[in-house]
Amino acid sequence: MNRRLDILDTPLQGLKVIQRKPVGDSRGYLERMFCSAELQSLIQGKNIMQINHTITTKRGTVRGMHFQHPPHAEIKFVSCLRGEVFDVAVDLRHNSPTFQRWYAEILSAENHKTLMIPEGYAHGFQALTEDCELLYLHTAPFHPEAEGALNVVDPVLAIAWPLPVFELSERDRAHPFLDTRFSGIHV
């Protein structure tokens, strides 16, 4: 098989960076965004059930930190099609050695990276440029009753956002802070 996707480890177990390898010529390029055969070790027999597309117009805007509780937990593949984002995943898995640790990757149209976020992780991002366009592939459809979220400025997480956090939706601003009762997600 002609592999067009390299799977790279991160410091957090199960969280992967996928380096896409476009093939181009003077006309432009063709880029594989997803291939179930190449990514089988990550999706473990699951299918892509929903694809979402977002545009974030203002530099500095933060969206997140969202996740779904089991039985609707999902694997997400996040790619930036335009602009540049600081893409963050937080490990929320119960008894994980990296519980409540975060990892961030710069995603952009130019670097051809995708962040693969496993079940049991929260996800969010900050727009580093104007007009950021993201594509999300999900292994589960959205279930509002299963939705969970964390506050992006939670001091327990201490996410080092590269820009001041000034643009948040009211919904994201109202997400809870972690306390000692939170023991993680059982996936």
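The values are calculated or read from the model by the stated rules, or taken from the named source; none is laboratory data. This is a predicted model, so every value here is computed, not measured. Note that we place each Cβ from the backbone using ideal geometry, even for glycine, and neighbour counts take in every protein chain shown. Calculation scope for accessible area: heavy atoms of the full protein, side chains included, ligands and nucleic acids excluded. Shrake-Rupley method; radii C 1.70, N 1.55, O 1.52, S 1.80 Å.
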Of the residues I75, I43, which single one is touching a residue at least 40 places away in the same chain (Cβ under 8 Å) and either within 13 Å of the chain's Cα centre (by Cα) or closer than 18 Å to S108 by Cβ (or both)? I75
When the range 1-24 is examined, which residues are found to be in a strand (DSSP E or B) and not β-branched (V, I, T)? L5, D6, L8, D9, K16, Q19, R20, G24
In the set P11, P70, P22, the lone residue that is over 13 Å from the mean Cα position of the chain (by Cα) and under 18 Å from T139 (Cβ atoms) is P70
Yes or no: the range 75-88 includes at least one residue that is touching a Pro at 6+ places or on another chain (Cβ under 6 Å), part of a loop (DSSP other than H, G, I, E, B) and of a type outside the set (D, E, K, R). yes
Output yes when any residue across the range 20-28 is surrounded by 16 or more Cβ atoms within 10 Å (Cβ to Cβ) and in contact (Cβ under 8 Å) with a residue 24 or more places away in the chain, and no when none is. yes
Out of everything in the range 95-111 that is outside any strand (DSSP E or B), modelled with pLDDT of 95 or more and open to solvent by 30 Å² or more (accessible area, probe 1.4 Å), what residue ends up being nearest to C35 (Cα to Cα)? N111
Kindly evaluate L15 against the criterion of being under 17 Å from K113 (Cβ atoms), touching a residue at least 60 places away in the same chain (Cβ under 8 Å) and of a type in the set (A, V, I, L, M, F, W, C). yes
Go through the range 112-187 and tell me which strands (runs of 3 or more DSSP E), entirely inside it, have 3 or more residues that are under 21 Å from A73 (Cβ atoms) and open to solvent by less than 30 Å² (accessible area, probe 1.4 Å). 113-117, 121-127, 132-138
May I ask you to list the residues in the range 38-53 that are open to solvent by 60 Å² or more (accessible area, probe 1.4 Å) and part of a loop (DSSP other than H, G, I, E, B)? Q44, K46, N47, M49
